[in-house]
Amino acid sequence: MFEKIANFISSHSEVITGGVFCFLISVLSAKKGTIMNRIVGGILCSLFSTGLYYGIVSVFPTVPAYSAVAIGSFVGFVGVDECKRLILARIRYLLTPKKDDDKNE
């Protein structure tokens with residue numbers, strides 16, 4: 001049992017490190033809320049950064065595993081709400097029909 005857990009941790013150490021960094025940065029950089037709100041926010045940031053990393057890897061398989069630490073650090077620093085806002089704004093921008101200036105002339 002412990003051998004399987006050790007194998008999992010060793011094969012996913014970069015992603016786990018990214019999640020831990022994300023949690024710590026989120027908890028330590030939060031300026032408002034109780035300690036419980038900060039901890040919950042840190043857990044949400046960790047889960048979001050892990051999901052974001054695996055989402056990026058599924059679209060771009062050549063992304064190196066150590067980039068999970070950078071993604072986790074970014075999400076932890078910015079926060080889940082701001083990352084969600086940035087991603088939704090980018091999706092809206094990509095899905096908005098572009099005005100064709102050539103048709104007006």
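Annotations for the structure displayed:
- Exposure proxy ranking, count of Cβ atoms within 10 Å, fewest first, for L52, L24, L94, L86: L94, L86, L24, L52
- Taken along its principal axes, the alpha carbon cloud of the chain reaches lengths of 70, 38, 19 Å, longest axis first.
- With all pairs of separate Cα atoms included, the stretch 38-81 yields a Kirkwood hydrodynamic radius of 10.5 Å.
- Over the chain: helical MRE at 222 nm, DSSP H runs n ≥ 4 each giving -39500 (n - 2.57), nearest 500: -26000 deg cm²/dmol
- Separation of the I35 and A6 label points, Cα + 7 Å toward Cβ, nm: 3.4 nm
- Fewest neighbouring Cβ atoms within 10 Å first, the residues F8, F48, F77 line up as F8, F77, F48.
- Taking F60, F74 and counting other C-beta atoms within 10 Å, the order from fewest to most: F60, F74
- Estimated dipole of the chain in Debye, rounded to 20 [Cβ of Lys and Arg +1, of Asp and Glu -1, Cα centre]: 380 debye
- Using a Förster distance of 35 Å, the FRET efficiency for S13-K99 (Cβ separation, nearest 0.05): 0.15
The numbers here are math on the coordinates, done by the rules we state, and not lab data. Bear in mind that the values here come from a model prediction, so they are computed numbers and not experimental data. Heads up, the Cβs are rebuilt from the backbone with ideal geometry, glycines too, and the neighbour counts pull from every protein chain shown.
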